[in-house]
Amino acid sequence: MPMSDRSKRRNKNPSPSFLSLFSNVKQRIWQWRGVWLVAPTVAGIAIALRLCGWLESWEWAAFDQYVRWRPQETRDERIVIVGIDEADLKRVRQWPIPDLVLAQLIEKIKAQNPKAIGLDLYRDLPVPPGNAELERVFQSTPNLIGIENLNEAEPNLAIAPPPVLDRLGQVGFNNIVADNDGKLRRALLYLIKNDQPTVSFGMRLALFYLEEQNILPQPTASDPQVFQWGKGIFRPFTPNDGGYVRADDGGYQILLNYRGAGGSFRTVSMTEVLQDRIPTDLMRDRIILIGATATSLNDFFYTPYSSDRIATQERTAGVEIQANTISHFLSAVLEGRSGIKTWSEPIEGLWIVFWSFTGATLCWTLRDAGGVGNLLPLWTVVSLLLATGSLAGSTYLAFIVGGWWIPAIPPALALLGSATLLTGYIAHEEHQERQTVMNLFGRHVTQPIAEAIWRDRHELLAQGRLKGRKMTATVLFSDLQGFSTVAEVMEPEILMDWLNEYMEAMVELVLQHGGIVDKFIGDAIMAVFGVPIPRTTSDEIAQDAIAAVQCALAMAERLENLNQQWQLQGYPRTAMRVGIATGAVVTGSLGSSQRVDYTTLGDSVNVASRLESYDKSLDGGICRILINEETYQYLQNKFTTKPIGSVILRGREQPAVVYQVLD
């Protein structure tokens, strides 16, 4: 094959750096598996609950609370309400008030030259006396607008406008749109009457006020349903705007941006006007609304300013609802005051997903902040509270600054739901991981090592196994001298008890000196110092080497005590050989899906084993301890040693420098 072809073939193979990057990404994804699993699931549930309408009332309540919390706005001086209160009813002693009284009231108002007059009273039938006088006033007041109530579905339930005003085209409908909880959060601009669009009472009065300035609504080029009126942009309400779900969007509706709670507009009584007890210019160039404010007339409605507690809910007079609607128009057109704006459904969905991931990420990141066994540490709770506060604060700030109605309840549910579900997932994972650690190490590690393993388990464990890691450690092999001879003279049951007593004593010493018991091989013990948590400094490696030698010396002392005890029991005495080697090893899980063990592999393991079995005739008393040169270099002259020399260990080609530890 030509060289160029071979080069091309080699270039098709992934580079080591790419494979390393892919491996790191895969590892990070696995480490965050709980977040990837829980966050989208909880977000999907929250979105589904919202789309089913089960959170609608909660979202309305949150919106209402934001309305009540926002700073009080200045009073709109362009609107004055002439209210018919209880004192007026007592004075007139009749309801509806007679046509004559109403005619006199309108004449008094006209005398102050208002921009427009809105009669928010049904007047489809005459109320004597004074019908002729009232008709004359209607005909002579071109800026007077009356009301009607439309009902295309049930015409018999509709309320007709005043006949004279109807002929003059000075009528607007006063239909309202109440939500299922009885509150008014929307306003109507247009409805269909006799197959033709007709304008609402509030919008017709606003048009009167703005017409001399030649400010008229114009449809936008991009969407005829969206129109610009002065500085304001008006978009029709859609069924799923804000917190609504499949709401009735008949006609042309908007979300009403109230000016304030009941009593926010300048109000005078009918009697004050009739008796000239008001300033002479109070109504000049203003919109004047005439309507009922007497409690007994029950022309009141619930609004976002009404408390959520039924016993204390406040209601707003219908005429003041109309004032809020007119103020919404005028403020948007002349001052650019924002209406209530909403996000599209896809953006709201992403918003919910974001907070679901936020809750899951906080819980996953801080899961170990409280230590072992604490599933919901204090820092996690504090972080979740801060996140919830940030959610509420950001949505409230967006509301008061830009008029944005951003969902708060579904993302809060996603935030706390993902944290809650992830806590359960972490509990399950920790149980599985704890089981894995216990299966791998059993009783053969000390409590500090166990805590270190548990603390770093996310770095150590990968898919239920301890990942293979290269590190520097010290390996200790011990073996009983002449065990075969002892086994020949003991009954099997007694031999097992005798060997278990020996193993129990030796394992205790290994654990006391910070090592772990890797495995038992007959009467031999393999212990490792410096695993599974990697040592990062030379001093730490030296401490492991010193601990291994100290452990071997302690094993010799304990064996001497056991020999004395066994001699009294009639058992034979024995000695032991120990090999210790420091160097590079690889540690991790080894086995199959049915059984897996933690073990240490590498040349240092082989060296320690060969040192233990080297030259069995070499005298060492109760315990002969041989170490390699690397271990010797780390001992820092803390022990008495003698060189054995450079020897060829069994199974190795290169000579090794060996030392014997004397004490």
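A few notes on this one:
- At most 15 other Cβ within 10 Å, DSSP loop - trypsin sites (Lys or Arg not before Pro), the range 157-259: Lys231, Arg246
- Normalised alpha carbon radius of gyration of the range 36-80 [divisor 2.2 N^0.38 Å]: 1.93
- Residues Glu629, Glu211 in ascending order of nearby Cβ atoms (within 10 Å, fewest first): Glu211, Glu629.
- Of the residues Thr141, Phe234, Phe63, the one whose Cα sits farthest toward the positive end of the charge dipole of the chain, with +1 on the Cβ of Lys and Arg and -1 on the Cβ of Asp and Glu, is Phe234.
- When all alpha carbon pairs of the range 101-229 are counted in 10 Å bins from zero, the resulting P(r) reads 11, 37, 33, 16, 2, 0 %.
- Inter-part distance where the range 468-496 and the range 514-534 are each reduced to a Cα centre, Å: 12
- Taking other C-beta atoms within 10 Å as the exposure proxy, Cys52, Cys551, Cys363, Cys623 rank Cys52, Cys623, Cys551, Cys363 from fewest upward.
- Sequence-ordered 3J(HN,Hα) estimates for the range 252-267 from the Karplus curve with 6.51, -1.76 and 1.60 and θ = phi - 60° stand at 10, 10, 9, 6, 7, 9, 4, 7, x, 6, x, x, 7, 10, 4, 10 Hz, glycine and proline given as x.
- Net lengthening on full extension, Ala153/Lys90 (0.36 nm per residue, minus Cα-Cα): 18.9 nm
- Taking other Cβ atoms within 10 Å as a rough exposure proxy, Asp539, Asp249 sort from fewest to most as Asp539, Asp249.
- Its relative contact order, with pairs defined as Cα atoms under 8 Å and 6+ residues apart, puts the chain at 12 percent.
- Relative to its residue count, the chain spans a Cα convex hull of 291 Å³ per residue.
- Phi-based couplings in Hz for the range 563-577 (Karplus 6.51, -1.76, 1.60; Gly and Pro marked x): 4, 5, 5, 5, 4, 5, 8, x, 8, x, 7, 8, 10, 9, 10
- Taken about its Cα centre, the chain carries a charge dipole of roughly 1540 debye when the Cβ of each Lys and Arg holds +1 and the Cβ of each Asp and Glu holds -1.
- Using a Förster distance of 25 Å, the FRET efficiency for Glu501-Ala575 (Cβ separation, nearest 0.05): 0.95
- A Förster radius of 56 Å, combined with the Cβ-Cβ distance separating Asp166 from Leu350, puts the computed FRET efficiency at roughly 0.65.
- Mean Cα-pair separation over length for the range 74-342, i.e. relative contact order, pairs under 8 Å, 6 or more apart, %: 29
- Values of log10 I(q)/I(0), in the order q = 0.23 Å⁻¹, for the range 604-659 under a Debye, Cα-only, solvent-free model: -0.98
- Helix 378-402 and the long axis of the chain differ in direction by around 30°, with both axes built from C-alpha atoms.
- Between Asp603 and Leu51, the simple spin-label model (points 7 angstrom out along Cα→Cβ) gives 6.2 nm.
- Between the Cα long axis of helix 33-51 and the first principal axis of the chain there is an angle of about 20°, rounded to the nearest 10.
- DSSP bridge pairs, the chain: antiparallel proportion in percent, nearest 5: 70
- Intensity falloff of the range 171-235 expressed as log10 I(q)/I(0), Debye formula with alpha-carbon point scatterers, at q = 0.13, 0.25, 0.26 Å⁻¹: -0.44, -1.20, -1.22
Laboratory data are not the source of any read-out in this text; all were calculated from the coordinates shown. Remember, it's a predicted structure, so these values are computed and weren't measured experimentally. Backbone-built Cβ (ideal geometry, glycine too); neighbour counts: all protein chains shown.
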